[in-house]
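Here is the structure we will look at.
The values are calculated or read from the model by the stated rules, or taken from the named source; none is laboratory data. It should be emphasised that the depicted structure is a prediction, and the values quoted were computed from it without experimental measurement. No Cβ is skipped: glycine too gets one built from the backbone with ideal geometry, and neighbour counts run over all protein chains shown. Surface accessibility is based on the protein's heavy atoms, side chains included, excluding ligands, DNA and RNA. Shrake-Rupley method; radii C 1.70, N 1.55, O 1.52, S 1.80 Å.
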Amino acid sequence: MTAVITGMGLFTPVGRGVDATFDALCDGRSGLTRPPAGHPAAGSLEVAGVLPDVDPRTVATGPETRVLDRVVVLALLAAADALADAGIEVGRDVDPGRIGVIVGGVGGMATLEAQVLARAERGRAAVSPYLLTGILPNMPSARIAIRHGIRGYTSSVGTACASGAQSIADAVRLIRAGEADVVLCGASEAPLFPTFADTFGNARALARGWADPTAASRPFDARRNGFVLAEGAALLVLERAEHAAARGAAGYAEVAGYGVNTDAYHPTAPRPDGAGAAECMRRALVSGGVPAARVGYVNAHGTATKLGDIAETTALAEVFGAGGVPVSSTKALTGHLLGASGALEAAATALALGRGLLPPTHNLDDPDPACPADHIRAEPRKTDTGYALTNSFGFGGQNVSLLLARAARPRDFPRTIPGGPRPDGNHGEP
């Protein structure tokens with residue numbers, strides 16, 4: 001069975017919603033900045049992908065507004081946007097038992113930090129009885145299910161920075177198995193608080209020393225010195241193609257295949273030879289029944305870490321040949337949303353296919369000789385490709401690759417590049 005992306009809810013450092021996000025990625029509008037004075041992570045992060053403040057009362061009422069972690073608030077907002085974008089009302093457009101929710105991410109760690117500090121300062125009576133419902137990783141999925149009356153398969157995925165992409169892979173598996181007609185999937189992350197920021201900072205994983213915060217995230221660039229931590233949520237509505245057609249819904253793209261595996265190498269470092277990542281990409285191609293030669297774009301994991309970018313480049317060369325496929329990393333503008341990055345980048349890849357336009361890697365001024373590839377730099381590149389791959393890799397050696405195809409029943413996109421024309425053509429079937 002074919003899984004079609006019929007809706008998207010994107011709440012990201014570069015914008016909220018489909019058009020705002022994709023136009024920013026093509027235009028080069030960065031979402032990276034100095035954390036403002038008074039922000040919880042202002043003393044821990046030089047630069048970050050910061051979202052606007054969100055009043056919990058936009059998604060909850062009464063006492064709940066005081067106990068919802070930001071990660072849940074972002075997930076609820078993205079879920080509502082995704083369902084509205086797909087034109088789905090649970091109970092009207094889909095049986096409540098035939099729609100699932102899979103949301104990845106670390107969970108409400110900011111709530112945990114605040115509660116540990118409260119207990120240390122004021123004693124055991126200061127600990128909230130709502131602590132668990134604030135921190136459990138399944139709370140974004142559970143709260144979404146409660147809010148929308150979803151009674152099908154519901155779970156959370158905790159595979160570090162691969163969580164959002166693996167949520168999508170798991171959703172495809174459900175649809176292919178006939179266990180769901182619709183699955184709301186992706187991830188939500190809210191990691192911009194002191195302890196979480198400090199662990200990455202002390203590990204020397206974060207970009208540092210940049211006078212211009214928008215220049216700090218530099219995937220594949222010779223001067224890269226770490227990633228930029230960011231927050232956000234990205235949820236996609238995946239739908240069985242026949243179910244979507246029956247209600248007249250068009251799609252952004254199809255998830256044609258997926259690969260999931262692990263390096264079995266190191267808790268944080270990737271395999272230097274990229275073997276696990278290469279095998280993961282091959283599994284995605286086999287899952288979709290598509291040869292590597294038909295893939296016209298890869299949205300790379302590309303975090304701007306020294307080892308990670310080299311290992312991914314090595315893996316890409318193993319699968320596609322040296323410089324054999326156009327590559328870009330949108331993290332140059334969004335920063336690294338941890339588990340939510342994979343879902344956001346799947347959305348960006350779907351939009352690239354549908355609009356015939358590949359977003360570039362910004363800040364790639366001096367490509368690292370150790371990362372040779374057909375990098376899309378500075379300006380978006382027109383394309384008529386029918387297939388694209390997006391990679392997500394996480395601590396523990398987690399690898400996920402998603403193979404996307406142009407939708408057989410595509411949505412009617414506005415086909416204009418900000419500042420100039422986009423290709424207008426019907427590019428045919430993948």
Asp81 vs. criteria crowded, with 18+ Cβ neighbours inside 10 Å, in contact with a helix residue (DSSP H, G or I) (Cβ under 6 Å, 6 or more places away or on another chain) and acidic (Asp, Glu): no
Residue within the range 2-19 that is open to solvent by 30 Å² or more (accessible area, probe 1.4 Å), closer than 30 Å to Thr133 by Cα and within 16 Å of the chain's Cα centre (by Cα) present: yes
Residues that are touching a Ser or Thr at 6+ places or on another chain (Cβ under 8 Å) and β-branched (Val, Ile, Thr), drawn from the range 358-396: Thr361, Ile376, Thr390
Contacts under 7 angstrom Cβ, first residue in the range 210-235 being in contact (Cβ under 8 Å) with a residue 24 or more places away in the chain, partner assigned to a helix (DSSP H, G or I) and among the hydroxyl-bearing types (Ser, Thr, Tyr), 6 or more apart: Ala230/Thr334
So Ala160, is it at positive phi and hydrophobic (A, V, I, L, M, F, W, C): yes
Options Ala234, Ala165; residue that is in a helix (DSSP H, G or I), touching a strand residue (DSSP E or B) at 6+ places or on another chain (Cβ under 8 Å), open to solvent by less than 30 Å² (accessible area, probe 1.4 Å) and on the phi < 0 side of the Ramachandran plot: Ala165
Meets criteria (assigned to a helix (DSSP H, G or I), open to solvent by 20 Å² or more (accessible area, probe 1.4 Å) and of a type outside the set (Val, Ile, Thr)) for Leu74: no
Any chance Thr383 is under 28 Å from Gly289 (Cα atoms) and hydroxyl-bearing (Ser, Thr, Tyr): yes
Where Glu46 falls short, out of the listed (1) at pLDDT below 95; (2) open to solvent by 10 Å² or more (accessible area, probe 1.4 Å); (3) farther than 23 Å from Glu179 by Cα: (1)
Residue list for the range 84-113, restricted to those being among the β-branched types (Val, Ile, Thr), part of a loop (DSSP other than H, G, I, E, B) and open to solvent by less than 40 Å² (accessible area, probe 1.4 Å): Ile88
The range 20-43 - residue that is charged (D, E, K, R) and within 30 Å of Val237 (Cα to Cα) and, of those, least open to solvent (accessible area, probe 1.4 Å): Asp23
Every residue from the range 189-212 that is small (Gly, Ala, Ser) and over 14 Å from Phe227 (Cα atoms): Ala190, Ala211
Pair list, Cβ < 8 Å and 6+ apart or interchain, from the range 45-66 residues that are part of a helix (DSSP H, G or I) to residues that are of a type in the set (Val, Ile, Thr): Pro56/Thr65; Pro56/Val73; Arg57/Thr65; Thr58/Val73
Counted residues, the range 168-185 - those being of a type in the set (A, V, I, L, M, F, W, C), over 26 Å from Gly396 (Cα atoms) and surrounded by 23 or more Cβ atoms within 10 Å (Cβ to Cβ): 4
Cβ pairs under 6 Å, 6+ apart, first in the range 18-32 and in contact (Cβ under 8 Å) with a residue 60 or more places away in the chain, second among the polar types (S, T, N, Q) and open to solvent by less than 30 Å² (accessible area, probe 1.4 Å): Thr21/Thr12; Leu25/Thr330; Gly31/Thr334
Filter result (in contact (Cβ under 8 Å) with a residue 40 or more places away in the chain and of a type in the set (Lys, Arg)) within the range 69-124: Arg70, Arg98
